[in-house]
1. Could you list all residues from region 67-98 that are modelled with pLDDT of 85 or more, closer than 21 Å to residue 26 by Cα and among the polar types (S, T, N, Q)?
2. What are the residues in region 235-252 that are in contact with a Phe, Trp or Tyr (Cβ under 8 Å, 6 or more places away or on another chain) and either of a type outside the set (Asp, Glu) or over 15 Å from residue 191 (Cβ atoms) (or both), if any?
3. From the list 64, 22, which one is closer than 21 Å to residue 179 by Cβ and modelled with pLDDT under 85?
4. Output the strands (runs of 3 or more DSSP E) that fall wholly within region 30-126 and possess 2 or more residues being open to solvent by 50 Å² or more (accessible area, probe 1.4 Å) and farther than 24 Å from residue 162 by Cα, or say none.
Amino acid sequence: FQAEDGIRDLVRSRGLGDVYKRQKGYSLKSGGEALGTVSDFNFDDHEWTIRHVVIDTGGWLTGRKVLIPPAEIKKTDWENQDLVVELNKDEVEKSPPLSADEPVSRQYEDRLYSYYGWHPYWVSGIMSGAYTTAVNPSDEEDVRSADEDESQEKPIVRSCKEVIKYRLEGIDGEIGDVEDFIADDQTWQILYLVVSTGRILPGKKVLLAKMWVDRVSWSESKIYVDLTGKKIKESPEFDRSIPVDRDYEERLFEFYGRKGYWL
């Protein structure tokens, strides 16, 4: 991201929720053909990086999720609300099935990435900020063996849609609700939580950097930050119609007395 890059600003100010909260959702297209619409995003709960765009196929694969890594999105047409990929309908139809209510496990990801020839993001050395490239068949066994133990782990990805509406807890108690996430479309890392402080100041929305999250209680549906409600209440208000540019970020981090992630 560069401060003068208006596209990055537009993506960040739009927020992930804008993509799937619209009535029709963003379309996934390949060669002009619609494969479905965006219904959710999955992120890993260690790095808070988007790992899959979840697609609703609109009935032609009834009851199935379709997961697409962000690196497979070759073009984003914000004006027409299209995400363009090079996959075809036949490839998607024959991909490993995953039911609509089934969690995404490492075992499933291993089958999916092997089917498409994608490079697993969880392989040591490419976990942060790097995305899929085609796997060389000769490397496939090495990839599997390197992650043999990890394949038995519980699901490591979380649904953005589920985490939205989690309660935000500060040092001095409950502050508000998480309403959205804002991510960079190059690294696909979640940078900010959009928080409604309705419990302390009706109608105000603020941004909190993901790096300020102290911990998450997945069982309680709560996100904890090491800030007070008073401080957050007085922070710069977030206006979705105004791009989140570097000037805004500098003011936000300066207000909290925190070092910017870009430094």
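The values are calculated or read from the model by the stated rules, or taken from the named source; none is laboratory data. Small disclaimer: the values here were computed from a predicted structure and weren't measured. So basically every Cβ, Gly included, is an ideal-geometry build from the backbone, and we count neighbours across all protein chains shown. Side chains included, ligands, DNA and RNA excluded: accessible areas come from the protein's heavy atoms. Shrake-Rupley method; radii C 1.70, N 1.55, O 1.52, S 1.80 Å.
1. Within region 67-98, 88 is the sole residue that qualifies.
2. 235, 236, 242, 244, 246
3. Values: 64 fails: closer than 21 Å to residue 179 by Cβ.
None of the others qualify; the one that does is 22.
4. Working: elements: 33-44, 50-56, 66-68, 75-77, 82-84.
Of the strands (runs of 3 or more DSSP E) lying wholly inside region 30-126, those with at least 2 residues that are open to solvent by 50 Å² or more (accessible area, probe 1.4 Å) and farther than 24 Å from residue 162 by Cα span 33-44.
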